[in-house]
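This report refers to the structure that appears directly beneath it.
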Amino acid sequence: MLSFKGFAAKDLCDPHLAPSRRTFLRVGGCGMLGLSLPSLMQLENASAGEVLGGGPGWGKAKSIIMVYLQGGPSHLDLWDPKENVPDNVKSQFQPISTKIPGIKFTENLPQLSQLNDRFTMIRSMSYTPNGLFNHTAAIYQMMTGYTTDKVSPSGQLEPPSPKDFPNFGSNIVKMQPVDEPMLPFVMLPRPLQESNVVGKGGTAGFLGKSYDPYTLYPDGDDLDMSKMNRIKIDDLKLRPEVFSVRLKRRAQLRNLLNAQMPEINKAVESFELDEYYDRALSLIVSGRAREAFDLASEPEDLRDKYGRNTFGQSCLLARRLVDAGTRVVEVIWPKVANSDNHSWDHHSGLSKRMKEQSAPMLDAGLSTLIEDLDDRGMLEDTLVVAVGEFGRSPQRGVSTSGNNNSDDGRDHWPYCYTAVMAGAGTKRGYVHGKSDKTASAPLENPVHPAELLATIYHSFGIHPETIVYNHLNQPRELVKAQALTALLS
């Protein structure tokens, strides 16, 4: 039996829903209604352009800033504190009130607590991992919507491969190219990483390198808080001896030569060399990208408000890039997992490291980003998402992933954690889902990471189940999940 995946409808009496292709095309052979298999596939492909989207939030996003909290922050010590629980579960930080009555954060987020009437919280992020749930496998799932078959006993994966599923940002810029001479997809200030596995889940994978992000990784150690002041964008600059007019003349000469070489043009037309050349030329000559990277042009007091550290200045740069026309910016937490000092991977020393290092940077950077975008009117069509690959164990000092944990530490916990979304039609002051009394599992409305990605695609007017073709030319959905339109308005 052949089954062509489609989109569900309740029945034919629902006038606002299309008939279910999932039902209509579930056939015992290829001759149904006189359609051959190629014809069926052609019909399925053509139907992808039909009105399958719509609904709350559909197509409202023009850009996205993904604030990726690599390492897995503790939801109990930030967004979802619990009271009247055993001492080894209760956060050591005091709960504080927020702008939403009845919703509390911990004292670690004083600025975000006064801004949560502008964003949505998902307190029921949850998934059950395959095997041990360490960072690389979880990052790959969060960034691509897919798991991999090759997971080592430690939960780590092999390095990035051209066979990988694409990062969601690569899918977005392929389907919705930027219409400005601007970098479409930027990742900063460091790669996704666990131990020696660098960049897994952060590439275009089988889409090809032309859809990889532009990576801005300034020189300097992760703890170098001033590294964003040393941004190098040499590949976006013209050499001193090459003026813009001269470069354009070279482009005109190229066009004349190409016109005399129809056979060669025909041979390479599938590579779209002219398009890539023209895009690169426009990007370099316009100077738009170089100007976007100029953080020094921002007011000093605003830079102070974002935080004079790598994360805060990365959030500010993300706003500037989006304002200049970049479609996707991924701000990766600037400290790798499996490390101490400013990392979210709090297996030990949580009370000091959370209070003095990671939380203050998150609170200042993320709150100022949301407020700044909102004040400029950019939050109308810019989606902001802040999430990690998982949360932390409700009980301190226990091992859930094979790691050693002190009494002042929490291990990995994918069964319940928190995400934040703002802008582009996302509801303001809304809390979706609820965790149980120890924040161990969702009490209602569990949300899988794939559903979060589906919601992102939906916000861009891209159906989550749109078909793409992998390196073997096999059809694959962008993500096998439906958008959570309850989050959107």
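With a/c under 1.5 counting as rounded, go ahead and sort segment 282-373 into rounded, prolate or oblate using the C-alpha gyration tensor (a ≥ b ≥ c being the square roots of the eigenvalues; past the cut-off, prolate if a/b is larger than b/c, else oblate). Don't skip to the answer; put the middle values down first.
Numbers: a/c = 2.89, a/b = 1.97, b/c = 1.47.
Prolate shape, in that a/c is at least 1.5 and a/b is the bigger ratio.
Would you mind getting me the FRET efficiency between GLU158 and GLU180? Use the beta-carbon distance for r and R0 = 45 Å, nearest 0.05.
Values: r = 36 Å, r/R0 = 0.81.
E(calc), rounded to 0.05, equals 0.80.
Nearest 0.05, what FRET efficiency do ALA441 and ASN196 give at R0 = 41 Å with Cβ-Cβ as r?
My answer for the efficiency is 0.80.
Could you please put ASP301, ASP77 in sequence from largest to smallest accessible area, using a 1.4 Å probe? Numbers along the way, then the final one.
Working: ASP301 110, ASP77 0 Å².
Accessible-area ranking of ASP301, ASP77, largest first: ASP301, ASP77.
Tell me, what is the 1.4 Å probe accessible area of GLU380, in Å² to the nearest 10?
130
With every protein chain present, what accessible area does LYS99 have (1.4 Å probe, heavy atoms only), rounded to the nearest 10 Å²?
100
In terms of the Cα gyration tensor, with a ≥ b ≥ c the square roots of its eigenvalues, is segment 423-489 rounded because a/c is under 1.5, prolate because a/b exceeds b/c, or oblate? All intermediate terms of the calculation are to be shown ahead of the outcome.
Numbers: a/c = 4.11, a/b = 1.68, b/c = 2.45.
Oblate, since a/c reaches 1.5 and b/c is not below a/b.
How far, in nm, would the chain grow between TYR217 and VAL85 when pulled straight, counting 0.36 nm per residue and subtracting the alpha carbon separation? Each step should come with its number before you reach the end.
Working: separation 132, 0.36 × 132 = 47.52 nm, distance 4.24 nm.
Fully extending the segment from TYR217 to VAL85 adds 43.3 nm.
Multiply the residue gap between SER489 and ILE233 by 0.36 nm, knock off their C-alpha separation, and tell me the result in nm, one decimal place.
Values: separation 256, 0.36 × 256 = 92.16 nm, distance 3.87 nm.
Roughly 88.3 nm would be gained on extension.
With a 1.4 Å probe and every protein chain left in place, tell me how much accessible area HIS463 has, in Å² to the nearest 10.
For HIS463, solvent-accessible area is about 30 Å².
Could you tell me whether segment 327-369 comes out rounded, prolate or oblate from its Cα gyration tensor? Rule is a ≥ b ≥ c as square roots of the eigenvalues, rounded for a/c under 1.5, then prolate if a/b exceeds b/c, otherwise oblate. The partial results should precede the final answer.
Working: a/c = 3.79, a/b = 1.52, b/c = 2.49.
Because a/c hits 1.5 or more and a/b fails to exceed b/c, segment 327-369 counts as oblate.
Would you mind working out the magnitude of the charge dipole of segment 299-430 relative to its Cα centre, with +1 at each Lys and Arg C-beta and -1 at each Asp and Glu C-beta, to the nearest 20 Debye? Before the final figure, lay out the partial values.
Details: 16 positive and 19 negative charges, 39 e Å.
For this selection, approximately 180 debye.
Order the following by accessible area, largest value first: HIS448, HIS75. Probe radius 1.4 Å; ligands, DNA and RNA are ignored. Provide the component values of the computation, followed by the final result.
Working: HIS448 65, HIS75 0 Å².
These residues rank, largest area first, as HIS448, HIS75.
Give me the percent of the accessible area of segment 417-489 that comes from carbon and sulfur atoms, probe 1.4 Å, all protein chains in place.
Values: 1360 of 2700 Å².
Carbon-and-sulfur percentage of accessible area, whole number: 50.
For segment 163-213, which whole-number percentage of the solvent-accessible area (1.4 Å probe, protein heavy atoms only) is attributable to carbon and sulfur atoms?
Details: 820 of 1720 Å².
Whole-percent figure for carbon plus sulfur exposure: 48.
Taking the alpha-carbon set of segment 337-489, what are its Rg and Dmax in Å?
18.0, 51
Could you give the accessible area per residue of segment 167-220, probe 1.4 Å, as a whole number in Å²? Could you put the intermediate results ahead of the total?
On the way: 1880 Å² over 54 residues.
Heavy-atom SASA per residue in segment 167-220 reads 35 Å².
Enter the accessible area per residue of segment 392-489 (Å², integer; probe 1.4 Å; all protein chains in place). Don't jump to the answer; show the numbers that get you there.
Details: 3640 Å² over 98 residues.
On a per-residue basis, 37 Å².
For the modelled label position 7 Å from the Cα of SER351 along Cα-to-Cβ, which residues of segment 386-407 have backbone nitrogen atoms closer than 14 Å?
Those under the cut-off are 396-397, 406-407.
The values are calculated or read from the model by the stated rules, or taken from the named source; none is laboratory data. Bear in mind that the values here come from a model prediction, so they are computed numbers and not experimental data. Here Cβ is always computed from backbone atoms with ideal geometry, including for glycine, and neighbour counts include all displayed protein chains. Surface accessibility is based on the protein's heavy atoms, side chains included, excluding ligands, DNA and RNA. Shrake-Rupley method; radii C 1.70, N 1.55, O 1.52, S 1.80 Å.
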